[in-house]
1. For Asn72, state whether it is buried (at least 16 other Cβ atoms within 10 Å of the Cβ) and either out of contact with any strand residue (DSSP E or B) (no Cβ under 9 Å at 6 or more places or on another chain) or modelled with pLDDT of 95 or more (or both).
2. Testing Arg169 on (1) farther than 21 Å from Lys130 by Cα; (2) in contact with a Pro (Cβ under 9 Å, 6 or more places away or on another chain); (3) without any contact (Cβ under 8 Å) to a residue 40 or more places away in the chain, one condition comes back false. Which one is that?
3. Select from the range 7-28 the residues that are within 11 Å of ligand 1 (Cβ to nearest atom) and in a strand (DSSP E or B) and write down the one among them that is farthest from the chain's Cα centre (by Cα).
4. Quick one: in the range 149-178, which of the residues that are assigned to a loop (DSSP other than H, G, I, E, B) and over 30 Å from Ser215 (Cα atoms) is nearest to ligand 2 (Cβ to nearest atom)?
5. State whether one or more residues within the range 138-161 are more than 16 Å from ligand 1 (Cβ to nearest atom) and farther than 28 Å from Phe31 by Cβ.
6. Could you say which residue among Asp188, Asp217 is in the same structural domain as Ala123 (by TED's automatic domain parsing) and either free of Cβ contacts under 8 Å to residues at least 60 places away in the same chain or within 22 Å of Tyr112 (Cβ to Cβ) (or both)?
7. Could you check the range 71-91 and list, in sequence order, the residues that are within 15 Å of ligand 2 (Cβ to nearest atom) and either within 11 Å of the chain's Cα centre (by Cα) or part of a loop (DSSP other than H, G, I, E, B) (or both)?
Amino acid sequence: MNDINETLLKKGYRIVEEIGRGGFAVVYRIFCEKYQQFFAAKIFDVGKPETSRNLGSFTTEISALCKISHPNVISVYSHFNDLNHLYIILEYCPNGSMLSLVEEEGAIQFHYLVSFYEQLLSAINECHEKNVSHQDIKPSNVLIDAYGRAKLADFGLSKNIDMMVKSSRFCGSLPYLAPEVVLKQKHDPFKADIWSLGITFYVMAFGKSPWNAKSEDNLLKQIMRGDVTYPDYPNELLVEFLKSILIINPDDRHSAQELLCHPIFRVNAKKKAMMNSRVNTELKKFARSQTQKVPYSANIFKSKSRRASEESIGKLPPLKPKHENKIVY
Ligand SMILES: Nc1ncnc2c1ncn2[C@@H]1O[C@H](COP(=O)(O)OP(=O)(O)O)[C@@H](O)[C@H]1O
Ligand SMILES: [Mg+2]
């Protein structure tokens, strides 16, 4: 830990707190004195023989992030190393992940939902256009920035698909894997990403996983059968949209670009305009806080401020009840 502190200090960053820990890396919130701003440092230990596989994850993540510049993909600012560690400096997302949002607030309200869907489809479309398949799309890998925008993160399992050779790679998080991946068939990695995004969208819409299997064997069977059930939901357009993503045959599954043309993105136009004006207000507030050095806090999803926004917008439906069970996947 001392060497990490020392390396970061030399680069002008001070560790504030640990904010995440996964299979390959530890993530810290850091403060940059020069820019008077928080960043996230994703740090990979490569100093021991048993941690050498972290090197691959670092290389994969950094090469993908350096290829992609998009408002809904996490931005990378710098990367460096010391003797035992590799560091990636990322933009800091203070509003948690899509998983924590759904766990805390339950299913996401329709107009926010559609806005997030559009942002994430646009992010995935950009990745696919740059020949990057993410391969680990799930709610915990979607972060929420200071302005409430979705940011696709964690490219540690991604793959650069230079030539369209079908893959038989089996990686990612089981409940989000496409049927053809679980079946270990040679498959189109971009179409498999679309399925994972569809499961992520389902969780965001209904606050629960589409799978209810209690054992891994049964979960595998459910996924192979593509056995998704849809709760009673008054908005048929939403259910039809999800069904148009979660198509078992990957050849019939739409691309991100095609999905962006779905009618669901038209009905929301008026509310989207209102959302954009809110984001603009947040941006102005932020800019003011930077010049006047007043503390800035933006969390448009915490219930208090969300209720305030509902009142100001006027006609939004009441908050959905919190989903009782944690989503374990
Ligand atoms: N840029 C960031 N801003 C805020 N939190 C982050 C950021 N990057 C990662 N985190 C936190 O750290 C966790 C793990 O990061 P992630 O990139 O998903 O790594 P892993 O490969 O270990 O899953 C995330 O779920 C999130 O809670
Ligand atoms: Mg992750």
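The values are calculated or read from the model by the stated rules, or taken from the named source; none is laboratory data. Note that the structure is predicted; figures quoted are calculated from it, not measured. Counting neighbours? That spans all protein chains shown, and the Cβs are built from the backbone with ideal geometry, glycine included.
1. Judged against the criteria, Asn72 is a match.
2. (1)
3. Looking at the filtered set, the residue picked out is Glu17.
4. Restricting to residues being assigned to a loop (DSSP other than H, G, I, E, B) and over 30 Å from Ser215 (Cα atoms), the top hit is Arg149.
5. There is at least one residue in the range 138-161 that is more than 16 Å from ligand 1 (Cβ to nearest atom) and farther than 28 Å from Phe31 by Cβ.
6. Selected residue: Asp217, the only one of Asp188, Asp217 that is in the same structural domain as Ala123 (by TED's automatic domain parsing) and either free of Cβ contacts under 8 Å to residues at least 60 places away in the same chain or within 22 Å of Tyr112 (Cβ to Cβ) (or both).
7. Val73, Ile74
Each row is one residue, and each column tells you yes or no for (1) surrounded by fewer than 16 Cβ atoms within 10 Å (Cβ to Cβ); (2) part of a strand (DSSP E or B); (3) within 15 Å of ligand 2 (Cβ to nearest atom).
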| position | (1), (2), (3) |
| --- | --- |
| Ala40 | no, yes, yes |
| Thr60 | no, no, yes |
| Ser63 | yes, no, no |
| Cys93 | no, no, yes |
| Val102 | no, no, no |
| Tyr112 | no, no, no |
| Ser115 | no, no, no |
| Ala123 | no, no, no |
